[in-house]
Structures are given as C-alpha cells and as structure tokens.
Amino acid sequence: MASAAPLRPEFYFRTCPEAELIVRKVMRKAMIREPRSVASVMRFQFHDCFVNGCDASVLLDDTSTMLGEKLALSNINSLRSYEVIDEIKEKLEKVCPGTVSCADIIVMAARDAVALTGGPDWKVKLGRQDSLTASQEDSNNIMPSPRANASLLIDLFARFNLSIKDLVALSGSHSIGQARCFSIVFRLYNQSGTGKPDPTIEPRYRQKLNELCPLGGDGNVTGDLDATTTTFDNVYFEDLVAGRGFLNSDQTLFTFTQTSEYVRLFSKDQHAFFKAFVEGMIKMGDLQSGRPGEIRTNCRVVNSRRPVDVHFES
C-alpha cells in the first residue's frame with residue numbers, strides 16, 4: 001500500500017497536545033466500567049488496517065449508497081465497543097475540534113488497551129486521515145475467519161509485508177478478551193467435517209468447552225481466549241503449547257511447523273513476545289491506501305465528499 005502521509009510520533013504536539021492523554025483517560029475509564037471493552041477496542045486496529053489501510057473505515061455506518069464494514073462476516077456480532085471510540089472522539093472534539101482523526105484514535109486506543117492491561121507501551125506514529133467510504137465486500141474478501149489455518153494466515157499477512165513472526169506475535173492480541181461459541185462449535189463437534197472434535201484440543205479443556213458451548217446451544221455465549229483474559233501476557237502462548245487454544249486460528253499456530261517455533265519462543269520469553277508485538281503493531285499501523293481522506297468530526301459519518309488538506313507541523 002502506498003503511504004498517503006508521513007506518519008510520525010507526536011504529530012499532534014502543537015495542534016492537540018493533550019490528544020494521547022485524553023485517549024488514555026477514556027480507555028482507563030472504559031476498562032473500569034467493563035474490563036472486556038479494552039480488548040474489543042484493540043481489535044479495531046487489525047480489522048481496520050487490513051481493509052484498505054488504517055483509515056477508520058471500519059467505524060462508518062451504512063448509508064443509502066454504501067454498505068459499510070460493520071456487518072461484514074468477520075465483524076457482525078463480533079466487533080463491539082464502538083461507543084468507546086465515540087466517547088474518545090467526543091472528548092477530543094471539545095478540546096481540539098476537527099483535528100484528531102478517527103484512524104489515529106484507533107491506533108492510540110489499541111496501544112492503550114495493551115499498556116493498561118499489563119502489556120508493553122510504545123510511541124505510536126500518527127497523522128492518518130479518515131476514509132471517505134467503506135467496503136463490506138473488501139472486508140469479506142480480506143478478513144480471515146476463526147476457522148482459518150496457519151497456512152492461510154501466513155499468506156494473508158504476507159500480502160501486507162508482515163512476516164510469520166509478525167503473524168504469531170500479533171495473534172498474541174488474544175492474550176486479552178473473549179470470543180463466541182459460534183466460532184468454535186465446529187472444533188468441538190465436527191472438525192473438518194469428521195463429526196468428531198479437533199484432536200489437538202487438550203481433553204480436560206475440551207470438556208470445559210463442551211460445557212460452555214453445547215451442541216445446539218447459544219452461539220453468542222463467550223469464552224476466554226486465554227487463562228488470564230484481563231492481563232496482557234504470554235500465557236496465551238503457554239496455552240497453545242498445552243493444547244488450550246480457544247480458536248482454531250490460534251491453536252493452528254502451534255500445530256503448524258512454520259509458526260510453532262515462535263509460539264514456543266514466546267511461551268518461554270515474554271520479553272521477546274512484547275518486543276515482537278510492538279514491532280508488528282507499528283508495521284500494521286503503517287498500512288495506508290493512499291486514497292483521499294478527511295478528518296471526520298464524527299467517526300461514524302463522512303463529513304463531506306471533498307478531501308481536506310493535510311496539516312503538517314513544522
């Protein structure tokens with residue numbers, strides 16, 4: 001993807017010096033209000049950046065002429081906590097109207113979700129513009145399903161110049177948060193059409209999942225993605241080594257030769273995981289489409305069809 005603008009840390013140093021502080025304050029309040037919300041907000045970066053770059057298109061509501069990405073297959077009944085982004089935007093508009101893009105809010109909020117739950121902190125590059133449109137079709141064609149295997153994920157990440165190491169490290173975002181039974185019932189009762197459970201699931205863990213997600217049960221019931229679901233750490237990788245991955249797309253990282261070495265490394269070395277995760281998030285945050293954009297004053301609605309000039313600080 002072409003770079004539409006030179007992104008850099010402290011982009012809002014002159015125009016909105018409180019921007020990052022405001023984002024973190026709202027994220028902290030959201031975490032206290034509902035611990036799961038920060039994990040939900042962190043997912044926005046992946047779901048946004050892989051579909052035509054980091055441009056906040058994932059936040060746009062449908063219009064009479066546009067099917068947005070909220071109801072795409074990987075997002076419907078899955079992505080949540082849009083209201084946290086709305087709250088951040090509202091606070092920023094009061095202090096610095098028309099200045100901070102929704103795309104930058106997503107990247108700052110994702111970083112804060114990690115830092116506030118015990119993970120690494122880092123400087124994010126900023127200066128993105130917001131998309132003038134969204135594409136449900138593009139999201140459906142790009143975003144992987146929970147059934148994806150490591151081979152498919154490797155190919156997908158390679159399309160965006162993200163390495164196998166990046167893939168495994170970024171999958172560690174599942175160190176926090178939950179997922180729905182809908183995403184795993186096939187693993188429990190009909191893996192690969194066999195009518196049997198996935199043999200890679202550790203038996204006692206499978207029994208636990210059977211109780212949580214009975215055949216014919218409520219697919220919207222949620223389960224923890226790892227054993228320390230509100231703490232960002234390397235337990236996610238320890239669980240994969242032990243056969244306790246919740247999603248097929250997680251567990252396959254350990255059963256696939258090309259990815260298993262990184263799963264083992266990160267399960268033993270949290271520092272190595274944190275370092276690789278930060279590198280992957282920064283690389284993913286650099287994805288841009290090069291299309292015209294604007295600074296949306298409401299993250300759910302396009303302000304105009306006329307792109308605005310990008311303001312570069314000296």
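Spin-label model, N298/E87: points 7 Å from Cα along the beta carbon direction are separated by 2.0 nm. Take the stretch 26-105, drop everything but the C-alpha atoms, weight them equally and run the Debye formula without solvent; then report log10 I(q)/I(0) at 0.12, 0.16, 0.18, 0.23 Å⁻¹ to two decimals. Debye curve over Cα of the stretch 26-105, log10 I(q)/I(0) at q = 0.12, 0.16, 0.18, 0.23 Å⁻¹: -0.36, -0.64, -0.80, -1.19. Helix 270-285 axis versus longest C-alpha principal axis of the chain: approximately 50°, rounded to the nearest ten. Every Cα-Cα pair in the stretch 149-305 was counted, and those over 19 Å apart are 59% of them. Helix 19-33 versus the longest principal axis of the chain: what angle, 0 to 90°, nearest 10, using Cα atoms? In the chain, helix 19-33 runs at an angle near 40 degrees to the longest axis. Taking each of K125/K268; K94/K283; K25/K70; K89/K283; K70/K283; K91/K125 in turn, the alpha-carbon distance tops 28 angstrom for K125/K268; K94/K283. Rolling a 1.4 Å probe over the protein heavy atoms gives the stretch 150-280 an accessible area of 45 Å² per residue.
Averaging the Cα positions of each part gives two centres, and for the stretch 239-254 and the stretch 40-54 these lie 22 Å apart. What is the helix-to-structure angle for 257-268, meaning the angle in degrees between its Cα long axis and the longest Cα principal axis of the chain, kept from 0 to 90 and rounded to the nearest 10? Helix 257-268 sits roughly 80 degrees off the main axis of the chain.
What part of the accessible area of the stretch 164-314, given as a whole %, is carbon or sulfur when the probe is 1.4 angstrom? Roughly 52 percent of what the probe reaches on the stretch 164-314 is carbon or sulfur.
Remark: the chain is approximated by an ellipsoid whose semi-axes, taken from the C-alpha gyration tensor as √(5λ), come to 33, 20, 18 Å, largest first. Normalised per residue, the accessible area of the stretch 1-102 is 45 Å², obtained with a 1.4 Å probe and no contribution from ligands, DNA or RNA.
Take 228-234, 213-219 and order them by the average number of nearby Cβ atoms within 10 Å per residue, most first; the result is 228-234, 213-219.
The values are calculated or read from the model by the stated rules, or taken from the named source; none is laboratory data. This structure is a prediction, so every number in the text was calculated from the model and none was measured. Every residue, glycine as well, gets a Cβ built from its backbone with ideal geometry; the counts of neighbours run over all protein chains shown. Accessible surface is based on the protein model in full, side chains and every heavy atom, while ligands, DNA and RNA are left aside. Shrake-Rupley method; radii C 1.70, N 1.55, O 1.52, S 1.80 Å.
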